[in-house]
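Note sheet for the following structure.
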Amino acid sequence: MKILAIIASPRGMKGNTGRLLEEVLHGARECGAETEILSLSSLNVHPCVGCDLCHKTGICSITDDYEAIKEKLLASNGFILASPNYIFSVTAQMKALFDRCNGLIHCMALEGKYAALVETSGGGEDEEVLAYMARFVNTLGACSVGGIGSPVAGVRTFPAEENLFSRARGLGSELCRSIRERRLFPEQDEFQTGFRARMSGLIDFMQEHWLFEREYWQKRSQSR
Ligand SMILES: Cc1cc2nc3c(=O)[nH]c(=O)nc-3n(C[C@H](O)[C@H](O)[C@H](O)COP(=O)(O)O)c2cc1C
């Protein structure tokens, strides 16, 4: 079982978010997962230029590390998104990745995969950032098994740390077990059903232009 962790702190794994992610990964590995960490701060993921080539061909027009990250996501059974809170949201590095995933979102191409979310902040709004990342996961077609977020108490330290780290390890094992047991998350169905209808309607409307996505959805409806 392969779990890919994507961390979007400019400090990589050396910062607060990396510390909390370590515990989540520990829980996943204990449960039998093979894990890989991608740190966006040491990769190049440029902002989307809105050229629509991904919708037409399935491949991004920008030559950087995005396509390799995409392939790793597609090859994974589950993934973890980890970001510090930057002005009530994810970092620019994570947002650039989200935008570049627009083609994957139109296809809801990560259906059947599971994700966990990790966030740290200076002082709060942790739930807001986790909820945003969870919505992103759902638009990809994947299920969120949950998230963990916390303000910091100092450098790589947290209030009530023992309890937090124990919950973080629990989240890692929850991700692993959800993949293994192919768990269902019915509370996420309503959003995904609505979003699926919206995406297939959009691709239908743009079918003359977005050939890759048109074929993707046609094949998918035939295999259902
Ligand atoms: C540009 C910037 C924006 C930030 N915005 C917020 C914020 O809106 N709310 C908050 O609670 N903390 C904010 N912080 C603090 C970070 O979220 C916090 O220090 C986090 O733990 C850093 O994680 P890292 O060490 O993994 O990079 C911000 C920090 C920076 C550098």
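So, Cys60, is that one in a loop (DSSP other than H, G, I, E, B) and not hydroxyl-bearing (Ser, Thr, Tyr) or not?
The answer is yes for Cys60.
I'd like the full set of residues that are open to solvent by less than 10 Å² (accessible area, probe 1.4 Å) and not in a loop (DSSP other than H, G, I, E, B), limited to the stretch 71-97.
Across the stretch 71-97, the qualifying residues are Leu73, Gly78, Phe79, Ile80, Leu81, Ala82, Ser83, Met94, Leu97.
Just to confirm my filter: which helices (runs of 4 or more DSSP H) fall fully inside the stretch 125-209 and include at least 2 residues that are loosely packed, with under 15 Cβ neighbours inside 10 Å and away from the ligand (no atom under 16 Å from the Cβ)?
Fully inside the stretch 125-209 and qualifying: 161-181, 189-205.
Given the structure, is Ala68 open to solvent by less than 30 Å² (accessible area, probe 1.4 Å) and either at pLDDT 95 or above or part of a loop (DSSP other than H, G, I, E, B) (or both)?
Here the answer is no, as Ala68 does not meet what is asked.
Take Leu104 and decide whether it is part of a loop (DSSP other than H, G, I, E, B), without any contact (Cβ under 8 Å) to a residue 40 or more places away in the chain and in contact with a helix residue (DSSP H, G or I) (Cβ under 7 Å, 6 or more places away or on another chain). Lay out the reasoning, then the answer.
Numbers: part of a loop (DSSP other than H, G, I, E, B): no; without any contact (Cβ under 8 Å) to a residue 40 or more places away in the chain: yes; in contact with a helix residue (DSSP H, G or I) (Cβ under 7 Å, 6 or more places away or on another chain): yes.
No.
The values are calculated or read from the model by the stated rules, or taken from the named source; none is laboratory data. Quick caveat, the model's predicted, so the values are computed rather than measured. Backbone-built Cβ (ideal geometry, glycine too); neighbour counts: all protein chains shown. Accessible surface areas use protein heavy atoms only, side chains included; no ligands, DNA or RNA. Shrake-Rupley method; radii C 1.70, N 1.55, O 1.52, S 1.80 Å.
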